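The values are calculated or read from the model by the stated rules, or taken from the named source; none is laboratory data. Quantities reported herein were computed from a predicted structural model and do not represent experimental measurements. Heads up, the Cβs are rebuilt from the backbone with ideal geometry, glycines too, and the neighbour counts pull from every protein chain shown. Side chains are part of the model used for accessible areas, which takes the heavy atoms of the whole protein and leaves out ligands, DNA and RNA. Shrake-Rupley method; radii C 1.70, N 1.55, O 1.52, S 1.80 Å.
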Amino acid sequence: MTDITALIDWLDRTGDLSDEALKILLTFEDPEAEALLYMRADAKRRACYGDAVYLRGLIEISNYCKNNCYYCGIRAGNSHAQRYRLDRDQILSCCREGYALGYRTFVLQGGEDPYFTDERLTEIISAIHSAYPDCAITLSIGERSRESYQALYDAGARRYLLRHETANAAHYGQLHPAAMSHANRRRCLYDLKEIGYQVGAGIMVGAPYQTLDHIIEDIRFMQDLEPDMIGIGPFIHHHETPFADQPDGDLYLTIRLLAVLRLLFPYVLLPATTALGTIHPQGREMGLKAGANVIMPNLSPADTRRLYELYENKAGIGEAAAQSKAALDRQVAAAGYRTEVAIGNVAPH
Ligand code: SAH
């Protein structure tokens, strides 16, 4: 216990630790020290952000995807997926509903759907931007060219979520077909940063073939990238993928990593993800208490939500946006925090 306490103290005070010490913090078994780690992460988060839990409204714009990531339920190779995409008016009506509920950030997420050309996207982004000038527009639509990222930025997008998935090239190759490359994913993230986007990176905890050493590499990569957001959630299998028989990621390792990330990156935005809420009914609350400070409720139309199936039994598909906003406010308050719709640590756009 005392050794672990010293490591937690050191991490808390200096914001860094050796690889070996980080591995110990991710694996030790000692309930008292574990409680201390979560307490310190929570104190750090309160020192930086108070009790605010930032809400970002998620709009799942398409489940068409040209890629074939081995883990993902909407991969091109899943011929059983029923495909959909939202058109401009449907996306705007999700924003309208979200705005009325108080949301001030919209996250447009989807598969890599060739229908969404720069021309179509810039038109949609400009329309959202002029209808809701006080809102932030976030994109999460995968790998594109630098020119494309620039055009979307010029249209008004200011944030981009693109999990790096793994910082280890060999591991990247075990999760993706040869047509995709670790180098291109990194290129995208650094291009996005250079253009001026606030960037979100991240991984799936317990992704197939992932080792503790990979997680340390992920941490070191993110210390170099300095992302504004880090999205982590447990890997959850999907039966129509090559990883159908792989075990799901571990709840406790995910929570542990959230706490360590809060101490390593005090000011980072750290979502308690839908995947975390899917593997355990209290997963998101546990995440909040261990340092997470963002929730991304689903604003997609009720009938398409179940079709955006990255993994099985996704939480929240049955709720209407309005109903879930009220329930969410209560859940967050019960955990000891307060939902905050303000856009957070960035100027509007
Ligand atoms: N096409 C976009 C959005 C992908 S979906 C992109 O490439 O960024 C967002 C995230 O969901 C992915 O980055 C991945 O980390 C996560 N995800 C995909 N399949 C998953 C699964 N089976 N279990 C848990 N998370 C998954």
> Restricting attention to region 265-349, which trypsin sites (Lys or Arg not before Pro) occupy a DSSP loop and are surrounded by at most 16 other Cβ atoms within 10 Å?
Replying inline: Arg306
>> Suppose a student asked you for the relative contact order of region 72-185, using Cα pairs under 8 Å spaced at least 6 residues apart; what percent would you report?
In response: 22
> Label point 7 Å out from Ala131 along Cα-to-Cβ: which residues of region 86-110 have amide N under 17 Å?
Replying inline: 86-109
> Using a Gaussian network model of the chain with C-alpha springs under 10 Å, which one of Asp51, Asp89, Asp228 is most mobile by mean-square fluctuation?
Replying inline: Asp89
> What are the principal axis extents of the Cα atoms in region 202-259, in Å, biggest first?
Replying inline: 35, 21, 21
>> With +1 assigned to the C-beta of every Lys and Arg and -1 to the C-beta of every Asp and Glu, and no other charges, what is the dipole magnitude of the chain about the Cα centre in debye, to the nearest 20?
In response: 760
>> Sequence gap at least 6, Cα distance under 8 Å: using those rules, report the relative contact order of the chain to the nearest whole percent.
In response: 25
> Mind checking which aspartates and glutamates have their C-alpha under 15 Å from Lys289, skipping anything on the same chain fewer than 8 residues away?
Replying inline: Glu34, Asp42, Asp51
> Taking all protein chains as present, what is the carbon and sulfur share of the accessible area of the chain, in % to the nearest whole number, probe 1.4 Å?
Replying inline: 52
> Can you give the calculated 222 nm mean residue ellipticity of the chain, where each DSSP H run of n ≥ 4 adds -39,500 (n - 2.57) and the sum is split over every residue, rounded to the nearest 500 deg cm²/dmol?
Replying inline: -14000 deg cm²/dmol
>> Report the per residue volume, in Å³, of the convex hull enclosing the C-alpha atoms of region 261-349.
In response: 123
> Which trypsin sites (Lys or Arg not before Pro) does region 171-213 hold that lie in a coil by DSSP with at most 13 other beta carbons within 10 Å?
Replying inline: none
>> Could you compute Rg(Cα) / (2.2 N^0.38 Å) for the chain, with N its residue count?
In response: 0.94
> When the chain is modelled as a GNM with alpha-carbon springs shorter than 10 Å, which of Gly98, Gly173, Gly111 fluctuates the most?
Replying inline: Gly173
>> Less than 18 Å from a label point 7 Å out along the Cα-to-Cβ axis of Arg13: which backbone N atoms in region 40-82 qualify, by residue?
In response: 40-41, 43-44
> Over the C-alpha atoms of region 51-122, what are the Rg and the largest Cα-to-Cα span, Dmax, in Å?
Replying inline: 14.2, 44
> How many nm separate the modelled label positions at Ile24 and Tyr267, each set 7 Å beyond the Cα in the direction of the Cβ?
Replying inline: 3.0
> Cα-Cα pairs above 19 Å in region 113-167: how many percent?
Replying inline: 26
>> How charged is the neighbourhood of Tyr252? Take every other residue with its Cβ under 11 Å from the Cβ of Tyr252, and add Lys/Arg as +1 and Asp/Glu as -1.
In response: -2
> Gain in length, Glu123 to Ala35, computed as 0.36 nm per residue apart minus the alpha-carbon separation, to one decimal in nm?
Replying inline: 26.8 nm
>> If I histogram all Cα-Cα distances within region 1-139 using bins 5 Å wide from 0, what percent of pairs lands in each bin?
In response: 2, 8, 14, 12, 9, 9, 10, 12, 12, 8, 3, 0
> Accessible area per residue of region 75-166 at 1.4 Å probe, in Å²?
Replying inline: 40
> How long is region 203-321 along each principal axis, judged by its Cα atoms, biggest number first, in Å?
Replying inline: 40, 32, 24
> Taking only Cα atoms, what is the 0 to 90° angle, nearest 10, from helix 2-14's long axis to the longest principal axis of the chain?
Replying inline: 50
> How much FRET efficiency would the formula 1/(1 + (r/R0)^6) give for Arg220 and Asp250, where r is the Cβ-Cβ distance and R0 is 30 Å, rounded to 0.05?
Replying inline: 0.90
> Can you tell which of Asp224, Asp19, Asp248 shows the greatest fluctuation in a Gaussian network model of the chain with Cα springs below 10 Å?
Replying inline: Asp224
>> Using only the alpha-carbon atoms, how far is helix 182-195 inclined from the longest principal axis of the chain? Give it as 0 to 90 degrees, nearest 10.
In response: 80
> Percent antiparallel among DSSP beta bridges with both residues in the chain, to the nearest 5?
Replying inline: 5
>> Can you tell me which aspartates and glutamates have their Cα less than 13 Å from the Cα of Lys44? Leave out same-chain residues fewer than eight positions away.
In response: Asp9, Asp12
> Which FRET efficiency, nearest 0.05, do Arg46 and Ile195 yield, Cβ-Cβ r, R0 25 Å?
Replying inline: 0.15
> Hey, got a sec? Which GluC sites (Glu not before Pro) in region 1-43 land in a DSSP loop and have at most 13 other Cβ atoms within 10 Å?
Replying inline: Glu29
> With labels modelled as points extended 7 Å from the Cα through the Cβ direction, what inter-label distance (nm, one decimal) is found for Asn313 paired with Tyr115?
Replying inline: 3.1
>> Looking only at Cβ-Cβ distances, which cysteines of the chain have no other cysteine closer than 4.7 Å?
In response: Cys48, Cys65, Cys94, Cys95, Cys135, Cys188
>> Between Ala322 and Lys66, what's the calculated FRET efficiency when r is the beta-carbon distance and R0 is 22 Å? Round to 0.05.
In response: 0.05
> What is the P(r) of region 98-211, as percent of Cα-Cα pairs per 10 Å bin from 0?
Replying inline: 13, 42, 30, 13, 2
